[in-house]
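To keep things clear, I will list the structure first and then write my remarks on it.
Read-outs throughout are calculated quantities, based only on the coordinates presented, and are distinct from any laboratory measurement. Predicted, not measured: the structure shown is a model, and the values here were computed from it. Here the Cβ is made from the backbone with ideal geometry for all residues, glycine too, and neighbour counts use every protein chain on show.
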Amino acid sequence: MKSFTYERANSPAEAAAAAARTPRAKFIAGGTNLLDLMKLEIETPSHLIDVNRLALDKIEPTSEGGLRLGALVRNTELATDERVRRDYGLLSRALLAGASGQLRNKATTAGNLLQRTRCPYFYDTNQPCNKRQPGSGCSAIGGFSRQHAVIGASEACIATHPSDMAVAMCALDAVVETVRPDGATRNIPIAEFHRLPGDTPEIETTLASGELITAVTLPKPVGGKQIYRKVRDRASYAFALVSVAAIVQRDGSGRVALGGVAHKPWRVEAAEADLPRGAKAVTAKLLADARPTRENAFKLTLAERTLAAVLTEARG
Amino acid sequence: MKFDTPATTNPIDQLRVIGQPVNRIDGPRKTTGTATYAYEWHDAAPNPAYGYIVGSAIAKGRINAIDLAAAKAAPGVLAIVTAENAGKLEKGSLNTAKLLGGPDIQHYHQAVAVVVAETFEQARAAAQLVRVDYASAQGAFDLAKLTDSAKPEKITGGPADTKVGDFAAAFAAAPVQLDATYTTPDEAHAMMEPHASMAAWDGDKLTLWTSNQMIAWNVADIAKTLAIPKEKVRLISPYIGGGFGGKLFPRADALLAALGARAAGRPVKVALQRPLMFNNTTHRPATIQRIRIGASKDGKITAIGHESWSGDLPGGQPDGAVSQTRLLYAGADRMTTTRLAVLDLPEANAMRAPGEATGMMALEIAIDEMAEKLGIDPVELRILNDTQVDPEKPERSFSQRRLIECLRTGAERFGWSKRSAAPGRVRDGRWLVGTGVAAAFRNNMLTKSAARVRLDSSGIVTVETDMTDIGTGSYTIIAQTAAEMMGVPIDKVVVRLGDSNFPVSAGSGGQWGGNNSTAGVYAACIKLREAVAQKLGFNSAEAAFADGQVKSGNRSVPLAEAAGDGELAAEDVIEYGDLAKKYQQSTFGAHFVEVGVDTATAEIRVRRMLAVCAAGRILNPKTARSQVIGAMTMGVGAALMEELVIDKRHGFFVNHDLAGYEVPVHADIPHQDVIFLDETDPMSSPMKAKGIAELGICGVAAAVANAIYNASGVRVRDYPITLDKLLDRLPEVG
Ligand SMILES: Cc1cc2nc3c(=O)[nH]c(=O)nc-3n(C[C@H](O)[C@H](O)[C@H](O)COP(=O)(O)OP(=O)(O)OC[C@H]3O[C@@H](n4cnc5c(N)ncnc54)[C@H](O)[C@@H]3O)c2cc1C
Ligand code: SF4
């Protein structure tokens, strides 16, 4: 771990301004991802801005009939909130499928969205990795790629985004609220929040430098059966090989997002029109441009079969 | 004490303390955090400095140059040790690769430097400033490509190859044949406590507080590596947070703590950081195993052949995957071969039940496949081919062999008769459900073991031996042995372990620790009883030791009186004659497993497990059960998830942390049951006990594999059995 300076911010604007003031500064929330990466010197911020004291830890109704989830609401609290469980069951289920009880007690809404990939080469500083060290190459291509992306990847990077929560938020049409160092706020639809790797896999979101997440808002509840199905080798405490977040209405229409297949939660609205026709039709469109590796081609079959099971469950 | 004739009735047979489910006597210390693990001797050597290891970034090649300037200038740095400045070092006889690499590099993450600093954080930060310029060389990393060049190499307890009769002809003539190849991957011990040591020098004397299963081996090998007399080395290792064979040998933490302490002139602590735990240390090697079985139509095995390939660094050793095939089933014509390839992966070595663990993974699927071909129930097929003698040397019988009873008891208790022999028939909601069985088999090893027993004037009996407790329960069964022998309650016994100042024991490994170390304590107690009897004026043959008293006829004297004002001590060693040569000593069992396979995703989840074990006298059914359920859990890991994934381009295990190397979590292990057959084995020792902790893993993975086949109809011969290996072969969903 490199030495760093530390300050505790008292308001969102102050935090964003502090980030603007100090080059290579980072916010720290729960620290469950950032600190691990700092110990390995994968992240080497020169300055940490602790945002834990900001009053962004509430879940409040919005005037549009939705919910605003503060950036610092802990994953445990979010998953167990009565309103979330009642109206956004998908989100609650996705959260509970992730990490462990202890981690969820620390992990925050914003930190979860910004957690970094679990590509093993990203974690091994002896190995080339474009995401960690731009221009050094991608070790996963031609290497161990069972966990990696099957769609939307690039020659530069085939990593996946590991968050379960984000997949549910994507299906729920969540919106990320931020404040920039100059004090300007903006709303970023979740579909536009995470980026595909392209030539710059080190840039993972559309956040500007120093931009602070203040909340995530959920639109008015959409009802339907909400199912989050996470597939993995062991029963708990593992990242998804593939996950399916689905909202299925009584008439068979609905929404689907996939986790574990791309650099971001994977949702193609055009594919959702085929939901009444079944999983095969939907995944054919969802994953039409898939380019898996030899080791992860099974994810295509797995995604289709998992979606089929989810649709059966939704109908049942 | 020489043990060379079968045990007769002795004080252990009273079973007042032995055989009771006594709680672990070290439990309170562990649950209150007062048991000192290697990294926690805060008072023993005050003001220690901290070492952090730099692992090689290449698998094979040379170091051109190391630039230490930036690291040396970093805050808090006291010393940096590399092969260049370490002075002359030898390679320990138990190590295949050097613990400190350079200029030649033998494997990925081989230690190339240790940075010593005032704090752990400073050492870690400075370690990342060490710049190493490597010249990488081509290495061999793919076992499958090396099978032709692999050479015969002997295995633990036997030759490379064995041959009885004419296997080829008998197999060719057999009306029912199986010829199948199975693979098992490299596996990591993945124990909770990493390798850790603290070293302190007093002049030319070295004390190492470490985490090690074998004290005397390691004293000798550390001394050899440092080229100092072994009298100058003291090892202290009373608590060990798991070993599984990974801590049988000296590792980089111990050597580099010693070198770091010498360089810094202060005690130094070194723990392997978790990401180094997979490539810096030893691992269970991958195997390729070809099994051929020929049988008559009525299920009698006529020919059995088992060939195994594994790899290791030059000078290394093979996995003994064929061991059990030499002994487990009858069959007149038989052969086994062991071939070792040279690989440039990290060092392969022992992991829980080395040999049988991997061998049974393959053999016990093969038997299941044969049962199906023959149309015979897999429990019955195993019973049909039982042998009471060593099938390679029929003049040797087994000291005890109750495999059939294990299988029958297990089948009864598990409800085996309700099973559908045809696969893919049972559905429970979204799950395809199936059951599988496998035999369990692991040899029992005898090695000499010494102990000292001291009686003080308050009647406290203190046992001292360099035996280790790696979480197994050694403290407790040793206390039970001494309590039984001396006729005192267990709370009057103090057990002190894991110190090279104590008499040399069997140590922990190969499931030999329990039987041998308690037999050593038995021997010492017999001596102490004689001394007590003499002191108190009893005829030692007639004196009874019970309730803290020594009694004979009408006379009864408190045991404590024998110590007078001081203490009475005795030391002895159990040594073995040739009973193990005359009789084959093995442990037996049967594993039954029920699994569910998700109809859509092919996720595999174990639903219930049962093990029935016949392993001599069970010294403590509670600690023994813990060992067996732990082993069963590890077997599930081997079946379903554990695999060190090799990057075959660069030659290292890629998933080198506990996020990437998955082992079972609680949710994977829903229900386990263990039954011990009531057995004593008078050939094994005066304790009449045998090993149990490794038997528990042998066969588990195959039972899981067989259950998966029974559930889904998909036969997978390559471990671990992950969902991607089933997915394409499951019926359509929807
Ligand atoms: C062992 C383990 C298992 C896990 N398993 C899973 C799993 O199965 N599924 C899953 O989804 N996740 C899993 N996780 C990841 C876990 O969900 C994340 O670590 C956690 O959500 C991160 O939240 P945090 O608040 O601790 O973030 P931090 O570590 O504090 O921060 C993460 C990133 O977010 C930035 N950040 C934090 N707050 C803000 C803000 N308000 N505005 C802008 N930037 C901000 C930080 O600068 C940093 O870059 C696992 C983690 C571990 C360690
Ligand atoms: S996939 Fe991405 S994160 Fe992984 S090695 Fe390649 S560039 Fe790095």
Using a simple spin-label model with points 7 Å from Cα along the Cα→Cβ vector, what separation in nm is obtained for B:T36 and B:D142? 5.2 nm
Going by a ≥ b ≥ c, the root eigenvalues of the Cα gyration tensor, does chain B fall in the rounded group (a/c under 1.5), the prolate group (a/b larger than b/c) or the oblate group? oblate
Whole-angstrom gap from the stretch A:33-66 to the stretch B:256-304, using each part's C-alpha centre: 41 Å
Full extension from A:A208 to A:K106: what is 0.36 nm times the residue separation minus their Cα-Cα distance, to one decimal in nm? 34.2 nm
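Fewest first, what order do B:H671, B:H109 take by the number of other Cβ atoms within 10 Å?
B:H671, B:H109
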Each residue of the stretch B:197-205 in turn: what ³J(HN,Hα) in whole Hz from Karplus with 6.51, -1.76, 1.60 and θ = phi - 60°, glycine and Pro shown as x? 8, 10, 10, 9, 9, 10, x, 9, 9
Output the antiparallel fraction of DSSP beta bridges having both residues in chain B, as a percent to the nearest 5. 75 percent
Please report the spacing between the Cα centers of the stretch A:176-203 and the stretch B:528-606 in Å, no decimals. 68 Å
Inter-site label distance for A:A273 and A:R250 at 7 Å from Cα along Cβ, in nm: 2.5 nm
Whose amide H sits under 5 Å from the amide H of B:F3, counting only residues 5 or more places off or on another chain, with H placed in the peptide plane? B:E575, B:Y576, B:G577
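Given axes a ≥ b ≥ c from the Cα gyration tensor, I'd like to know whether the stretch A:46-123 is rounded (a/c under 1.5), prolate (a/b larger than b/c) or oblate.
Oblate shape, in that a/c is at least 1.5 and b/c is the bigger or equal ratio.
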Under 17 Å from the A:E14 label point (7 Å along Cα→beta-carbon), backbone N, the stretch A:32-58: A:48-57
Ranked packing of A:243-249, A:289-295, most packed first, by mean Cβ within 10 Å: A:243-249, A:289-295
For B:Q584, what residues show an amide H to amide H distance below 5 Å, using hydrogens built from the backbone and excluding near sequence neighbours? B:S397, B:F398, B:S399
For B:K151, counting only lysines whose alpha-carbon sits under 20 Å away and dropping same-chain residues fewer than eight positions off, the answer is B:K163
Let's test the formula: R0 of 35 Å, r as the Cβ-Cβ distance of B:Q14 and B:E395. What FRET efficiency results, to the nearest 0.05? 0.45
Net length gained if the chain between A:L35 and A:R294 were fully extended (0.36 nm per residue, minus Cα distance): 89.9 nm
For B:A113, the residues 5 or more places away or on another chain with a placed amide H closer than 5 Å to its own amide H are B:V54
Wrap a convex hull around the Cα atoms of the protein assembly as shown, take a quarter of its surface area, and give that in square nanometres. 43.8 nm²
Difference of contour (0.36 nm per residue) and Cα-Cα distance, B:T156 to B:K91: 21.3 nm
Distance from a point 7 Å along Cα→Cβ of B:R608 to each backbone N in the stretch B:673-703: keep the residues under 15 Å and list them by number. B:673-675
Quick one: Cα centre-to-centre distance for the stretch A:255-316 and the stretch B:167-215, in angstrom? 42 Å
Taking a cut-off of 21 Å between Cα atoms, list the lysines near B:K2, but don't count ones fewer than 8 places away on the same chain. B:K448, B:K527, B:K581, B:K582, B:K688, B:K690
Within 10 Å of each Cβ of B:658-667, how many other protein chain Cβ atoms are there on average? 4
Which of B:I470, B:I236, A:I42 has the fewest Cβ neighbours within 10 Å, and the rest in rising order: A:I42, B:I236, B:I470
Would you please state which residues of the stretch B:235-262 a label at B:I228 would reach in this model, taking the label point 7 Å out along Cα→Cβ and a backbone N cut-off of under 19 Å? B:235-237, B:250-262
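Can you give me the Kirkwood hydrodynamic radius for the stretch B:263-311, using every pair of distinct Cα atoms, in Å to one decimal?
When all Cα pairs of the stretch B:263-311 are included, the Kirkwood radius is 15.8 Å.
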Neighbours of A:V248 by Cβ distance under 11 Å: Lys/Arg at +1, Asp/Glu at -1, summed charge +1
Hey, got the average number of other protein chain Cβ atoms within 10 angstrom for residues in A:235-247? 3
Only bridges whose two residues both fall in the protein assembly as shown count here: according to DSSP, what percent of them are antiparallel, nearest 5? 75 percent
What list of ³J(HN,Hα) couplings, whole Hz, do you get for the stretch A:198-209 from phi and the Karplus terms 6.51, -1.76, 1.60, once you set θ to phi - 60° and write x for glycine and proline? x, 8, 10, x, 6, 9, 9, 9, 8, 5, 7, 4
Expected sort for B:K269, B:K91, B:K224 with the fewest Cβ neighbours (10 Å cutoff) up front is B:K91, B:K224, B:K269
Under the Karplus curve 6.51 cos²θ - 1.76 cosθ + 1.60, θ = phi - 60°, whole-Hz ³J(HN,Hα) for the stretch B:637-643, x wherever Gly or Pro sits: x, 5, 6, 10, 8, 6, 7
Give me the net charge for the shell around B:F676: Cβ to Cβ below 10 angstrom, other residues only, Lys and Arg +1, Asp and Glu -1. 0
Taking every residue of B:634-647, the Cβ atoms of other protein chains inside 10 Å of its Cβ average out to 2
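Tally Lys and Arg at +1 and Asp and Glu at -1 over the other residues with C-beta under 11 Å from the C-beta of B:Q128: what net charge comes out?
+3
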Using per-residue counts of other Cβ atoms within 10 Å, averaged over each peptide, order A:296-304, B:7-15, A:51-59 from highest down. A:296-304, A:51-59, B:7-15
Excluding same-chain residues fewer than 8 positions from A:K2, which lysines have a Cα within less than 25 Å of its Cα? A:K26, A:K39, A:K106, A:K131, B:K72, B:K269
B:A168-B:R425 pseudo-label distance in nm [points 7 Å out on the Cα-to-Cβ vector]: 4.2 nm
Anisotropy class of chain A from Cα gyration tensor, a/c 1.5 cut: oblate
